[in-house]
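The values are calculated or read from the model by the stated rules, or taken from the named source; none is laboratory data. Source: prediction; values computed, not measured. Note that each Cβ is placed from the backbone with ideal geometry, even for glycine, and that neighbours are counted across all protein chains shown.
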Amino acid sequence: MTSRTVDHLIIGAGFAGLCAAIKLDEDGEKDFAVLEAGSDVGGTWRDNTYPGATCDIPSQLYSFSFAPHDWPRSYSQQPDIQAYIQQVAAESGTLDRFVFDTPAQDASWDDEAQRWTVRTPHGDYVAKTLIVGAGGLSAPRMPEIDGIETFQGEVFHSARWNHDLDLSGKRVAVIGTGASAIQIVPELQKVLQATGGHLDVYQRTAPWVIPRNDRVYSSVERSALRRVPGLRKLYRAALYWGHEAFVPAFTLAPGLALPAVKQAQANIRKGIKDPELREKVTPHFMLGCKRVLRSNDWYPALAADNVELVTDPIAKVTGNAIVTADGVEREIDVLVVATGFWTTELPITEHVRGRSGQSLADRWRQSGMAAYKGTAIPDFPNLFMIVGPNTGQGHTSMIFIIESQVAYIRAALEHLRRHGLTSVEAEPRATDRWNRSLQRRMKRTVWTRGGCQSWYLDSHGRNTTLWPRTTADFRRRLASFDAEAYREVRA
Ligand SMILES: Cc1cc2nc3c(=O)[nH]c(=O)nc-3n(C[C@H](O)[C@H](O)[C@H](O)COP(=O)(O)OP(=O)(O)OC[C@H]3O[C@@H](n4cnc5c(N)ncnc54)[C@H](O)[C@@H]3O)c2cc1C
């Protein structure tokens, strides 16, 4: 097996890994490699090609601040977002350091050598620092349903869409009513309606769905955004602060969400006439407790003749049907699983071993995910995680968080260089302080008090995924490298 030595190793080529690569390169840190399990950049946007896949944060905000783009519409669709990521990657001049189809299988810290060694199927990589951008919504999570493995028809996860399958005239079931399902169902409904097919949608919990103000930009608007100096920045800033305004409703006073509740209720009334169906889709928890979804066509799709919304719990799957707890059996040809991702038990953590030899997964198994500033972890020197614990957002662009974390990592690398250090490692006390404060704050949030079970919470009921303050606050706290919170090793 070959072994290659680089200064920095980045895992993942989604928005996070790409951002790290571009910024390291800008800093003159040219000696790095980006390991990517897939065969292209894009991450989320390479993998989620399901019908209707769209961002739910406006594209002017859901894009890199340093790579503005002439977006065709307010909420762009997956092909446009993926093309944007590919274009940014190509223009950055860093692609020569991306190594595709190369999963990081195992990473371990050698404290004597002060180096990470990362095993891949194509040889080892040895690096001073390891930047993990493996994604928070990257590993599809299949539901545990009795008999699902015996189903004889086609079954696939929303993030692994089977485009070879012709759905014309088929009986399809979608399990889940989360962010992906509400984009998939209206598209499937149309295709199946046109071809005599039928769709069953299995709902465990009705989500809050507010309207989505999506529209195509006019040529005048696009031209103005391109040409008028400062206009694009101003527009982005207005969007950013408009989204930040949601934070108090989530973190301090859920009553502030009342206008959004009214909007969501009006959305139901507009899309559905049948009182029984209206009741089925009305959520019974506080708005914001689960991710607030945006759609104009979700409710009309559920109300269509060829769609049935099933709210009885699924008891089992047989060779050709789904059976619900009330004993009803609905035959299907295709089963689409839109049940989300591994969010609180990230698969990558099984494969990363720190100074003591313990894996990150084992470390987190008892207490749940926790890091210092969502980025650094005691016992894991020179490891920086992007989109780590408690960095997630329900209301605004994850790219803002990614850029904030990458700025912090750059400051850490600069600190290492300037002081001739071989490693920095987050102090346990600083990490505990950070997380205690986070969890104290979490008690007041709608995610904890809102009366729902969500993927934000881990098996201990702790919210280890979301950031409970404004993102402006997050950026401020990560604005400079705070060496006093780290243990340092000198060359
Ligand atoms: C359908 C969908 C829609 C979304 N819409 C929005 C939105 O509108 N706004 C928003 O802010 N966020 C949205 N998100 C969240 C989205 O995941 C983030 O915005 C962002 O794309 C995360 O980028 P990332 O680089 O951290 O992770 P990812 O994009 O998930 O990339 C991680 C990469 O790491 C690779 N990888 C993982 N493990 C390994 C390994 N062991 N070795 C090598 N490579 C590995 C993966 O193959 C992947 O390419 C959405 C997520 C989904 C699933």
* **Test set (1) crowded, with 17+ Cβ neighbours inside 10 Å; (2) of a type outside the set (A, V, I, L, M, F, W, C); (3) assigned by TED's automatic domain parsing to the domain that holds Gly153 - His351 fails condition number** => (3)
* To do: Of the numbered conditions (1) free of Cβ contacts under 8 Å to residues at least 60 places away in the same chain; (2) surrounded by 14 or more Cβ atoms within 10 Å (Cβ to Cβ), Ser223 fails exactly one; give the number of that condition.
  => (2)
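Select from the stretch 13-43 the residues that are within 10 Å of the ligand (Cβ to nearest atom), more than 16 Å from Phe64 (Cα to Cα) and out of contact with any strand residue (DSSP E or B) (no Cβ under 7 Å at 6 or more places or on another chain) and list them in ascending order. Explain how you work it out, then say what you get.
Our first condition is that a residue be within 10 Å of the ligand (Cβ to nearest atom); within the stretch 13-43, this holds for 13-20, 34-43.
From the residues that got through so far, the ones that are more than 16 Å from Phe64 (Cα to Cα) too are 34-40.
Matches in the stretch 13-43: Ala37, Gly38, Ser39, Asp40.
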* Asked: If you go through the stretch 82-92 one residue at a time, do you hit one that is more than 16 Å from the chain's Cα centre (by Cα), in contact (Cβ under 8 Å) with a residue 24 or more places away in the chain and within 9 Å of the ligand (Cβ to nearest atom)?
  -> no
* **Of the criteria (1) surrounded by fewer than 22 Cβ atoms within 10 Å (Cβ to Cβ); (2) modelled with pLDDT of 95 or more; (3) more than 9 Å from the ligand (Cβ to nearest atom); (4) more than 16 Å from the chain's Cα centre (by Cα), which one Thr49 fails** => (4)
* Looking only at the stretch 126-156, which residues are assigned to a strand (DSSP E or B) and either more than 11 Å from the ligand (Cβ to nearest atom) or in contact with a helix residue (DSSP H, G or I) (Cβ under 6 Å, 6 or more places away or on another chain) (or both)? -> Val126, Ala127, Lys128, Thr129, Leu130, Ile131, Pro140, Glu154, Val155, Phe156
* **Those residues of the stretch 150-170 which are free of Cβ contacts under 8 Å to residues at least 60 places away in the same chain and either within 24 Å of Pro103 (Cα to Cα) or not assigned by TED's automatic domain parsing to the domain that holds Asn320 (or both), in sequence order** => Asn162
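Inspect the stretch 62-74 for any residue being within 17 Å of the chain's Cα centre (by Cα), modelled with pLDDT of 95 or more and more than 8 Å from the ligand (Cβ to nearest atom) and give the result as yes or no.
The initial filter retains those residues of the stretch 62-74 that are within 17 Å of the chain's Cα centre (by Cα), namely 62-64.
Now narrow it down to the ones that are modelled with pLDDT of 95 or more: 62-64.
Okay, now just the ones that are also more than 8 Å from the ligand (Cβ to nearest atom), so 63-64.
Yes, the stretch 62-74 contains a residue that is within 17 Å of the chain's Cα centre (by Cα), modelled with pLDDT of 95 or more and more than 8 Å from the ligand (Cβ to nearest atom).
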* **Failed condition for Tyr372, given (1) within 20 Å of the chain's Cα centre (by Cα); (2) of a type outside the set (Gly, Ala, Ser); (3) within 16 Å of the ligand (Cβ to nearest atom); (4) closer than 29 Å to Arg410 by Cβ** => (3)
* Structure fact -> Only one of (1) of a type in the set (Val, Ile, Thr); (2) closer than 30 Å to Ala238 by Cα; (3) touching a Pro at 6+ places or on another chain (Cβ under 7 Å) does not apply to Thr339, and that is (2)
